[in-house]
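Read the structure below first, then the notes.
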Amino acid sequence: MSIRIAVAVTGMLALGAAAPKMVVVDERTVVRDEPPPHGAIGMSTAYRISDAVPDRTMEFRKRILHRGAAIGLHVIAHDEVYYVLSGTGEVMSDGERKPLTPGMAAYLYTGANVGIRQTGTTPLALIITYPLPAKAS
């Protein structure tokens with residue numbers, strides 16, 4: 001099966017269906033302070049990295065939850081990943097709570113009621129990524 005996919009992709013490239021040019025985003029150009037989503041609990045610094053990318057199919061963001069801040073509980077319509085860069089936090093999914101520290105990732109599934117909060121004395125810096133809904137053809 002993977003050979004057929006490789007042949008199809010190679011054929012598309014041979015016909016001139018090239019991929020779009022890459023986009024490089026400097027986080028300093030997309031940063032803003034704002035309350036976190038899903039409840040506006042505390043304050044955060046948001047780096048809306050993928051907002052600067054045209055025709056994207058996924059969301060990729062860095063968010064720093066300041067002391068006491070949280071992304072409130074919300075049901076997700078897609079799989080989602082929270083990856084911790086620094087600080088400590090607690091992730092929730094359907095009533096289950098788990099601590100998170102740097103280098104840990106929480107993989108959250110479609111339909112789960114999820115959230116994350118900053119714990120400890122330093123801000124919680126994380127990467128959040130998930131697919132966007134498919135565009136209608």
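The values are calculated or read from the model by the stated rules, or taken from the named source; none is laboratory data. Values in this document were obtained by computation on a predicted structure and should not be read as measured data. Counting neighbours? That spans all protein chains shown, and the Cβs are built from the backbone with ideal geometry, glycine included. Ligands, DNA and RNA are excluded from the accessible area calculation, which covers all protein heavy atoms including side chains. Shrake-Rupley method; radii C 1.70, N 1.55, O 1.52, S 1.80 Å.
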Those residues of the stretch 51-76 which are at pLDDT 95 or above, small (G, A, S) and closer than 29 Å to P20 by Cβ, in sequence order: none
Total residues in the stretch 47-70, condition within 11 Å of the chain's Cα centre (by Cα) and open to solvent by less than 60 Å² (accessible area, probe 1.4 Å): 8
Subset of the stretch 116-127 [open to solvent by less than 50 Å² (accessible area, probe 1.4 Å) and either outside any strand (DSSP E or B) or closer than 17 Å to F60 by Cα (or both)]: I116, G120, L124, A125, L126, I127
Complete set of residues in the stretch 102-121 that are touching a residue at least 40 places away in the same chain (Cβ under 8 Å) and in contact with a Gly (Cβ under 7 Å, 6 or more places away or on another chain): G115, I116, R117, Q118
Which numbered condition R32 misses (of (1) surrounded by fewer than 13 Cβ atoms within 10 Å (Cβ to Cβ); (2) in contact with a helix residue (DSSP H, G or I) (Cβ under 8 Å, 6 or more places away or on another chain); (3) part of a strand (DSSP E or B)): (2)
Considering residues of the stretch 94-112 that are under 14 Å from A70 (Cα atoms) and of a type outside the set (D, E, K, R) only, the residue least open to solvent (accessible area, probe 1.4 Å): L100
Any hit, the stretch 7-18, residues being assigned to a loop (DSSP other than H, G, I, E, B), at pLDDT below 95 and under 17 Å from the mean Cα position of the chain (by Cα): no
